[in-house]
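Novice: Below you'll find the structure I mean.
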Amino acid sequence: MPDLEHALDALAGRVSSLREARVAYPADLAPTLDAALAELDTAAELLAAAGEALRKAPKRPGSKKDGAQRELKLLRQVFRAFPVPVVVLDGGGVVRRINPETSRMLGSPDGYLVGRSFPLLVDVSRRAAFRSHLTSVLQTGQPAAFETRLAHQGRTHTAQVALTRLTMPGEPQQMVAAVVLPTQVQLPEPGARRPEASDGALLLTAAKRQDLLVRMATLLLDEETLLRPVALARATRLLASEWADWVIADMVRAGLPQRSVVVAPKDQPIGELVRQVESSDPVGSQVILQVLERGSGVVYEMVDDETLLGFCAEGPLLTAMGAGSMLCVPIGSGDGVLTLVRTHERQPFALADLAVMQEVGLQIGLAVRAQTSFQRHSQAADALSASVAPRKLPDVPGYEAAAVYHPGSSVGAEFYDVFPVSGGWGFALGGAAGKGEEAASVSALVRGGLRVLSAWESDPATVMRKVNEALIAQGTGMFVMAVAGFVHGREISLSSAGHHPAVLLQSDGVVRFGAGGGVPLGISPEAETGVEKLTVGPGETLVLYSEGLVSSRNDRGEPYGEERLADVLGRCAGQSPSTVVKTVEADRHAFSGGQVWDEIVVLALRGA
């Protein structure tokens, strides 16, 4: 049909001229639009002429089926060669045919939109009107035209859309042809490669995905993320800053997903829509339940079903959010679901994005679990620390008391205490040999035993013996070095179970070490303790200290030791107990370069 081919070539030339006119005179589009509508009439006449020619053409020998196939083949060729964007829709607005010019304009691969709902490309405010126009055209047969915005693959077009009813060969129902005439977006030249598909752009996108994984890992491994419950909030804010318009995290609690975090677009005010998204129950979302059940993510490059995320007061949640593309991945191993939503104006999510977000969801899940575990252990450690050290030292008549307690690199086992005893006051200091919660619990047992038994016994050695019996009976397998003292006036009775000797700082600066000695508690059923009595006069200070103090080492591996302790104490003559303990701690800190491995305890009791 040479005449038809010649007419199509001429039509293509005129359409090209109209494009040039639109670019050259963007402020005066009315004449160009009128001419474009006239060319649509010409195109319709050409199609009608082609159909008439097909009907009148002499039939070749063969079956009617062969003739119908040849007719369909020719019509498809004409449709594909049509120089303006044309889409064939069924009665529900689903794309049944799309010509290459439309795919080129929208920036999607050929055939990508077939089977998808065309109204989802239409601006949210005009979707209802589009569906009404579609229904009217099908029912009345009268064509309709209106202006709207189309958004797809990150491109936005303001276009005139003309709808015309069709009867397609081989189709049981009537169709609608939608002719799209962009009025503000310049189309790429025929054959030009899509910008987002260029090698450079693909490489840049891959680098951005890799950068996201690195930044996410750095953020989630930050110490503050473990110390405070901020992992989820930080991760969702990072994703919202570059990767999505909406980010939603639903965490599983009591077996059901519960909405935990919603990050809205930056230009979205904290208003009714955000509150509706926050209050929406994820149990009503089929996609969230599906991701939790299957343990794998899903990506919707183009959201066809806007009810996937559930409903709000305004209808489908995705409709209210202006969703064009959506991605959902599990958080951890069934800990929750991470949902990312992009509007029509942005590039849709792809399978490569799904793979990256699967890894991100796994990282977030691990961080949340680590955070929960860390805080649980931290709370346990705090409780254990509280059980081995008093919050405040009581006032001991005739004395001033002060102490410093410096935790080590792990949950330690040192304890100290000052408490009332029969006819006076008592104090104790010591620690189980070992680290961790078990050692701390044994120290707490000894501290509590010393305090309780001292209410009935007047001799610290007797108290030590009974605590030793209780520790042996418990069968912990751990031993404890401890020292206990009872204060009666100026006289102090001491009982040592393998602990470092006490130090008496006299008012003239002379430093005298006690006897110490004895066998640690928990080793033998028969307790062997070192016993001595000291007199602490006014201005004199009795100092007790932990193993962690004298075993602290400097950068050369040298221990702090008791000689250095004596030298420091000698310079503290006449000072208050609080000054004494702070001076010792400051000197140890300088000696070891601030490093602390074992707990540091220093207790000072000064005669008033």
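The values are calculated or read from the model by the stated rules, or taken from the named source; none is laboratory data. Fair warning: this is a prediction, and the values are worked out from it, not measured in the lab. Reconstructed Cβ throughout: ideal geometry from the backbone, glycine too, with neighbour counts over all protein chains shown. All accessible areas refer to the heavy atoms of the entire protein, side chains included, with ligands and DNA or RNA removed. Shrake-Rupley method; radii C 1.70, N 1.55, O 1.52, S 1.80 Å.
Novice: Can you list residues whose amide H is under 5 Å from Arg490's amide H, if they're 5+ apart or on another chain and H is modeled 1.01 Å from N?
Specialist: Correct list: empty.
Novice: Further, regarding this structure: For the range 418-558, report the accessible area per residue in Å² (1.4 Å probe, heavy atoms, rounded to an integer).
Specialist: Numbers: 5730 Å² over 141 residues.
In whole numbers, the range 418-558 has 41 Å² accessible per residue.
Novice: Short version: ³J(HN,Hα) in whole Hz for each residue of the range 499-512, in order, from phi by Karplus 6.51 cos²θ - 1.76 cosθ + 1.60 (θ = phi - 60°), x for Gly and Pro, what are they?
Specialist: With the stated coefficients, the range 499-512 comes to 9, 4, x, 6, 10, 10, 9, 7, 5, 8, x, 6, 10, 10 Hz.
Novice: Can you pull the percent of the range 269-332's accessible area that's carbon plus sulfur, 1.4 Å probe, other chains left in place? Write down the numbers at each step before the final one.
Specialist: Working: 1310 of 2600 Å².
Summing carbon and sulfur atoms, their accessible area is 50 percent of the total for the range 269-332.
Novice: How much accessible area per residue does the range 74-164 have, in Å², with a 1.4 Å probe?
Specialist: I get 38 Å² per residue for the range 74-164.
Novice: Then there is this: Calculate, axis by axis, the spread of Cα positions in the range 458-608 along the three principal axes, and write the results as whole Å, longest axis first.
Specialist: Cα spread of the range 458-608 along its principal axes, largest to smallest: 43, 40, 20 Å.
Novice: Next question. Rounded to the nearest percent, how much of the accessible area of the range 94-141 (1.4 Å probe, protein heavy atoms only) is carbon and sulfur? Write out the running numbers ahead of the final one.
Specialist: Values: 950 of 1830 Å².
Looking at the range 94-141 in its full context, I get 52 percent from C and S.
Novice: Scan around Glu457 for amide H atoms under 5 Å from its own, H built in the peptide plane at 1.01 Å from N, and keep only partners 5 or more places away or cross-chain.
Specialist: Correct list: Ser422.
Novice: Write down the accessible area per residue of the range 255-327 in Å², having rolled a 1.4 Å probe over the full set of protein chains. Mind showing how you got there, number by number?
Specialist: Details: 3400 Å² over 73 residues.
That works out to 47 Å² for each residue.
Novice: Using the Karplus curve 6.51 cos²θ - 1.76 cosθ + 1.60 with θ = phi - 60°, what ³J(HN,Hα) values do you get for each residue of the range 125-134, in whole Hz, with x for Gly and Pro?
Specialist: 5, 10, 5, 4, 5, 4, 5, 5, 4, 4
Novice: What's the ranking of 470-478, 398-406 by average number of surrounding C-beta atoms within 10 Å, highest first? Display every interim value, and only then the final one.
Specialist: Working: 470-478: 14.6, 398-406: 18.9.
Top to bottom by mean Cβ count within 10 Å: 398-406, 470-478.
Novice: Now a separate question. How much net charge surrounds Arg275 when only other residues with a Cβ under 15 Å from its Cβ are counted (Lys, Arg +1; Asp, Glu -1)?
Specialist: Values: positive: Arg259; negative: Glu272, Glu278, Asp281, Glu314.
Surrounding charge for Arg275 is -3.
Novice: Still on this structure, I have one more. Quick one: 3J(HN,Hα) in Hz for the range 601-608, Karplus 6.51/-1.76/1.60 with θ = phi - 60°, rounded, Gly and Pro as x.
Specialist: 10, 9, 10, 10, 10, 10, x, 8
Novice: OK, next. Of the heavy-atom accessible surface of the range 459-511 (probe 1.4 angstrom), what whole percent is carbon and sulfur? Show your work: numbers first, answer last.
Specialist: On the way: 970 of 1900 Å².
Ligands and nucleic acids excluded, carbon and sulfur give 51 percent.
Novice: Per the Kirkwood definition applied to all pairs of different Cα atoms, how many angstroms is the hydrodynamic radius of the range 457-505? Walk me through the intermediate numbers first.
Specialist: On the way: mean 1/r = 0.0830 Å⁻¹.
It is 12.1 Å.
Novice: When the Kirkwood hydrodynamic radius is evaluated over all pairs of different C-alpha atoms of the range 209-335, what value in angstrom, to one decimal, is obtained? Numbers along the way, then the final one.
Specialist: Numbers: mean 1/r = 0.0647 Å⁻¹.
After inverting the mean inverse Cα-Cα distance, the result is 15.5 Å.
Novice: Show me the ranking of peptides 578-588, 483-493 by mean Cβ neighbours inside 10 Å, starting with the highest.
Specialist: On the way: 578-588: 18.6, 483-493: 20.5.
Going from most to least packed, we get 483-493, 578-588.
Novice: If you don't mind, there's one more thing I want to ask. Hey, can you grab everything whose amide H is under 5 Å from the amide H of Glu528? Only 5+ residues off in sequence or another chain; H modelled, so Pro and N-termini drop out.
Specialist: Val519
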